Amino acid sequence: MLKPDFTKVSELFYNELQESAKGEKTQLLFVKTYLPQKPIITAGTIQVVVLGGTNYDFAVVEIRENGEKTILLREKGKLPTLNSAEAFTSLLDMHLTTKVDGIALNLGFPLSYFKGEKGQPDGTFIKAIKAHSLHGLLGHKIGEIVLDRYIRKHTAYATVSVANDAVCLAQDDAGLILGTGLNIGIKGEDENGVYVINLEAGNANAYETNQELESIDKQSVNPGIHRFEKLVSGYYLPLHFNLLAKKNAIEVRVTKAEELAELASTNSETAGELARELFDRSAKYVAAQIAGLYTFKDSPEKFVVTAEGSLFHYGYKYQKTLQQGLIELGISNESVTFHTMKDSSLYGALRLLM
């Protein structure tokens with residue numbers, strides 16, 4: 001497996017960020033979303049809905065006047081394929097079972113944004129990702145759909161706020177989501193308040209293609225879109241392994257990233273070596289994006305990235321390789337650090353109403 005030129009990838013990503021910031025059309029979404037200038041809910045209960053690429057997390061959180069938060073109820077599970085409006089509304093009907101003051105949605109999907117009636121971010125689905133076609137949902141206002149289902153069930157009103165995972169996660173200088181998919185958000189502030197720029201970094205145009213990527217992209221539900229994500233993320237790494245294994249007469253096959261990580265950890269033969277090479281390539285591609293982002297932010301003395309996701313946490317030697325990739329690109333681990341926190345997806349979503 002040929003080693004990409006990660007220095008070139010980093011430079012290309014930096015250039016793409018520069019062009020996006022000037023308003024030029026690039027592969028990056030580069031959408032700026034403002035967080036509420038003042039708390040919309042200072043005390044009460046908030047239903048948090050987290051929908052990633054693979055899993056869901058519904059939680060009811062009590063907020064006290066002193067800011068203390070307590071999780072009252074929580075339900076986690078595997079996200080059904082969102083291939084219709086009915087699939088989405090059925091999921092909501094099943095889990096929006098408690099009367100609350102507000103509902104905050106953290107969605108791992110590309111969104112376009114607008115402000116709700118109380119200044120909270122709201123959005124619409126704009127493109128399909130991975131196995132989720134979002135048929136019947138694209139272009140529809142998510143907050144309206146959620147509020148309609150809530151009112152039908154409870155005959156009551158709740159303030160609804162919606163943002164994607166990058167917006168919710170970027171609690172430091174940037175937020176990195178690296179699990180089933182890949183995304184990056186950049187936090188900033190101007191005269192209009194605190195904002196987060198959702199890059200949809202999985203759609204970046206800075207990468208070197210290969211036969212496996214072309215095959216995976218062609219057979220995906222969204223060919224031509226999110227090709228960088230299809231090169232590095234947990235959903236797609238097993239597909240790369242299986243294609244390369246077949247090409248190299250390796251009999252082993254995997255179905256998910258956890259199996260690939262186990263193979264990389266325990267297999268000393270050709271299959272294990274291939275698995276390790278894929279994790280190494282993925283982590284160094286992501287390091288190239290972080291390096292490009294660090295340069296775009298004028299190379300500050302300290303740059304903190306809030307990070308979450310199964311691949312980041314459990315990929316074979318992933319964090320160590322990511323940090324080594326930054327060093328190879330001339331950035332010390334003292335300059336760029338990664339911050340993780342328990343339930344970051346859940347507590348990040350609360351920021352949409354607090």
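A short reminder: the numbers here are calculations on the coordinates, not readings from a lab. None of these values were measured; they are calculated from a predicted model. Every residue, glycine among them, receives a Cβ derived from its backbone with ideal geometry; neighbour counts consider all protein chains shown.
Could you tell me the center-to-center distance, by alpha carbons, between the range 159-211 and the range 90-146 in angstrom?
About 17 Å separates the Cα centre of the range 159-211 from the one of the range 90-146.
Nearest 10 degrees is fine. How inclined is helix 85-95 to the longest principal axis of the chain, computing both from alpha carbons?
70
GluC sites (Glu not before Pro) within the range 176-227: which are DSSP loop residues with at most 11 other Cβ atoms inside 10 Å?
Sparse-neighbourhood loop GluC sites (Glu not before Pro): Glu191.
7 Å from Cα along Cα→Cβ at both Ser335 and Leu138: what's the point-to-point distance in nm?
4.1
Would you please put 300-310, 324-334 in order of how densely packed they are, using the mean number of other Cβ atoms within 10 angstrom per residue and starting with the highest?
300-310, 324-334
What's the angle, to the nearest 10 degrees (0 to 90), between helix 6-21's Cα axis and the longest principal axis of the chain?
Rounded to the nearest ten degrees, it is 30.
Take the alpha carbon atoms of the range 20-40, find their center, do the same for the range 212-243, and report the distance between the two centers in whole angstrom.
27
Hey, with R₀ at 45 Å, roughly what FRET efficiency would Gln37 and Thr270 work out to, going by the Cβ-Cβ distance, to 0.05?
After rounding to 0.05, the efficiency reads 0.20.
Considering only DSSP beta bridges whose two residues both sit in the chain, what percent are antiparallel, to the nearest 5?
Close to 65 percent.
So for the chain, averaging the separation of alpha carbon pairs under 8 Å that are six or more residues apart and normalising by length, what relative contact order in percent results?
21
From the helices alone, meaning DSSP H stretches of at least four residues, give me the mean residue ellipticity at 222 nm for the chain, per-run term -39500 (n - 2.57), in deg cm²/dmol to the nearest 500.
-11000 deg cm²/dmol
So how strong a dipole does the chain carry about its Cα centre when Lys and Arg Cβ are +1 and Asp and Glu Cβ are -1, to the nearest 20 debye?
Roughly 620 debye for the chain.
Measure nothing but the geometry: give the 0 to 90° angle between the long axis through the Cα atoms of 318-328 and the longest principal axis through the Cα atoms of the chain, rounded to 10°.
Once rounded, one gets 70 degrees.
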